[in-house]
1. Any idea how many residues of the stretch 272-290 are closer than 27 Å to I321 by Cβ, touching a residue at least 24 places away in the same chain (Cβ under 8 Å) and open to solvent by 80 Å² or more (accessible area, probe 1.4 Å)?
2. Can you tell me which condition V29 does not meet? The list is (1) more than 13 Å from the ligand (Cβ to nearest atom); (2) at pLDDT 90 or above; (3) part of a loop (DSSP other than H, G, I, E, B), and all the others hold.
3. Quick one: would you say A91 is more than 18 Å from the chain's Cα centre (by Cα) and closer than 26 Å to D44 by Cα?
4. Out of the residues in the stretch 199-224 that are surrounded by fewer than 16 Cβ atoms within 10 Å (Cβ to Cβ) and modelled with pLDDT of 95 or more, which is nearest to the ligand (Cβ to nearest atom)?
5. Which condition from (1) in contact with a strand residue (DSSP E or B) (Cβ under 6 Å, 6 or more places away or on another chain); (2) more than 21 Å from A264 (Cα to Cα); (3) acidic (D, E) is the one that E131 breaks?
6. Enumerate the pairs (first residue in the stretch 169-184 and polar (S, T, N, Q); second residue anywhere and outside any loop (DSSP other than H, G, I, E, B) and open to solvent by 20 Å² or more (accessible area, probe 1.4 Å)) with beta-carbon separation below 7 Å, excluding pairs fewer than 6 apart on the same chain, so at least 6 apart or on different chains.
7. Quick test for you: out of S178, S155, S171, S191, pick the one residue that is open to solvent by 40 Å² or more (accessible area, probe 1.4 Å) and small (G, A, S).
8. Pull up the stretch 103-122, narrow it to residues that are out of contact with any helix residue (DSSP H, G or I) (no Cβ under 9 Å at 6 or more places or on another chain), in a helix (DSSP H, G or I) and not hydrophobic (A, V, I, L, M, F, W, C), then point me to the one that is most open to solvent (accessible area, probe 1.4 Å).
Amino acid sequence: MARLGFSQDLGIDLGTANTLVFLKDKGVVVREPTVVARNNESGDIEAVGSSAKNMIGRTPSNISVIRPMKDGVIADYDTTASMMKYYIKQAQKNRSAFARKPNVMVCVPSGITMVEERAVIDATKQAGAKEAYPIAEPFAAAIGAGLPVWEPTGSMVVDIGGGTTEVAVISLGGIVTSQSIRVAGDEMDDSLIQYIRKQYNMMIGERTAESIKLEIGTAGKPEENLEIDIRGRDLLTGLPKTIQITSEEVSASFKDTVDQIVEAVKITLEKTPPELAADIMDRGIVLTGGGALLHNLDTVISEETQMPVFVAEDPLDCVAIGTGKSLEYIHHFRSQPNVASRTSKD
Ligand SMILES: Nc1ncnc2c1ncn2[C@@H]1O[C@H](COP(=O)(O)OP(=O)(O)OP(=O)(O)O)[C@@H](O)[C@H]1O
């Protein structure tokens with residue numbers, strides 16, 4: 001039971017696709033899509049998380065489904081703050097009425113601008129945080145993946161989320177070099193939607209595109225050419241129709257995105273000092289984020305870079321676990337904008 005005046009601090013992975021809340025001593029207690037359904041007339045929130053995601057493409061005119069984060073940053077400030085407030089409440093349902101407000105460690109992309117980072121800090125405070133401490137997403141991902149970030153050894157992490165891919169080399173508690181590109185899992189879904197529109201004159205929704213990716217998507221050429229039925233709207237007749245699509249077609253539509261991810265990894269390796277590059281060669285590159293689960297992506301990155309590549313355990317949870325674990329070092333992070341990369345313990 002919560003003690004008087006006592007509050008459990010939180011780590012939040014505020015992602016483009018998913019938001020996770022880590023409660024100190026408990027682990028990940030909230031794992032929900034970053035989606036909110038709003039009533040256009042009253043402005044009230046109708047649903048948050050999975051129930052709002054289920055409404056995508058299926059709403060009447062008086063309800064809008066909003067994805068308040070885009071490319072790793074806040075696209076709709078008020079909706080983000082309301083959603084975070086809801087998740088913080090959900091994470092702290094056993095909180096005493098007298099408990100102080102929690103301190104919150106919240107992840108931000110490493111390529112974020114000061115204005116974008118300020119918006120994350122302010123939204124987190126508006127959602128109920130006493131103080132909000134930004135932490136660079138790849139740094140949190142590396143901690144969550146169990147990499148030795150505080151040691152004098154090079155660790156390379158590639159966090160492939162919904163909106164951003166973050167590549168970073170970390171040593172001695174700081175980011176030595178990094179790349180952040182606003183291309184990740186959502187871009188693959190978009191490319192598939194565009195491919196089907198051009199090739200088959202058919203419109204599919206983003207939820208359908210994502211489920212095709214999860215079912216038969218691969219990076220590179222698939223080992224087996226699977227075929228599935230998909231349903232959408234014929235753009236010529238306006239009527240529903242079903243087509244068959246193969247895993248080779250799906251994977252070909254992801255090629256541009258996969259190439260951009262590989263390029264970001266190569267650029268980061270080129271900028272890595274030789275001692276650290278040697279460490280990475282020994283220990284390998286670690287992939288985190290939901291995009292790391294794309295079939296064969298580890299093999300493609302390994303072939304292109306000639307480095308060993310591993311997918312972290314629970315890649316979708318790494319950033320949240322990392323934000324939670326860094327709560328132990330909260331005094332090393334300051335509640336100021338633009339400290340994302342200043343993560344040194346000293
Ligand atoms: N099995 C899978 N295969 C391929 N992609 C997957 C799989 N599972 C999840 N994804 C994709 O991972 C992405 C979500 O990952 P994650 O939750 O790590 O992102 P996020 O933290 O919300 O985004 P960001 O870090 O960009 O802000 C989505 O694009 C989702 O479609």
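The values are calculated or read from the model by the stated rules, or taken from the named source; none is laboratory data. Predicted model, so just to flag it, every value in this text is computed and none were measured. Glycine gets a Cβ as well: all are built from the backbone with ideal geometry, and neighbour counts include every protein chain shown. Ligands, DNA and RNA are excluded from the accessible area calculation, which covers all protein heavy atoms including side chains. Shrake-Rupley method; radii C 1.70, N 1.55, O 1.52, S 1.80 Å.
1. The total comes to 2.
2. (3)
3. Criteria met by A91.
4. So the residue we want is L214.
5. (1)
6. That search, which allows pairs on different chains as well, returns S171/L276; Q179/I267.
7. Exactly one of S178, S155, S171, S191 is open to solvent by 40 Å² or more (accessible area, probe 1.4 Å) and small (G, A, S), namely S178.
8. R118
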